[in-house]
Amino acid sequence: VPPPTGTALLSWQAPATRTDGSPLDDLQGYRIKYGLAPDQLRCQVEIRDPGVTTWKVTGLSTGTWYFAVVSFDRGFVESDLSGVVSKRID
């Protein structure tokens, strides 16, 4: 059985403010959360570079995958989850 080879290229905009409107001056990075159901994003990739706003998720098996991104600050406090997007891997 060949290994999963599906990929999804994601991109997002870096936030400038927190959800309360205050400046986000200590952005540390992002977490891409993904899974096979929009309410079960159990897989995660952590990116500890606030300048990275594009990422290729690899090794996806056949099915519809759902993705969302959160940002985190120096204290590892996460933002709200972004909107969830999906991609079908055949």
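Computed from the coordinates by the stated procedures, all read-outs in this text should not be read as laboratory data. Keep in mind it's a predicted model, so treat the numbers as computed, not measured. Neighbour counts are summed over all protein chains in view; Cβ atoms, including those assigned to glycine, are modelled from backbone coordinates with ideal geometry.
Things to note:
- Length added when fully stretched, T58-S86, from 0.36 nm per residue minus Cα-Cα: 8.6 nm
- Inter-label distance, nm, simple model (7 Å from Cα along the C-beta direction), L36/T5: 2.1 nm
- A Förster radius of 30 Å combined with the Cβ-Cβ distance from D25 to V45 puts the calculated FRET efficiency at roughly 0.80.
- With at most 14 other Cβ atoms within 10 Å, longest stretch of the chain clear of loop trypsin sites (Lys or Arg not before Pro) (DSSP): 1-41
- Here the scattering of the stretch 5-48 is modelled by Debye summation over its C-alpha atoms, one equal scatterer each and no solvent; at q = 0.22 Å⁻¹ the log10 of I(q)/I(0) is -0.93.
- Across the chain, Cα-Cα pairs more than 23 Å apart make up 26 percent of the total.
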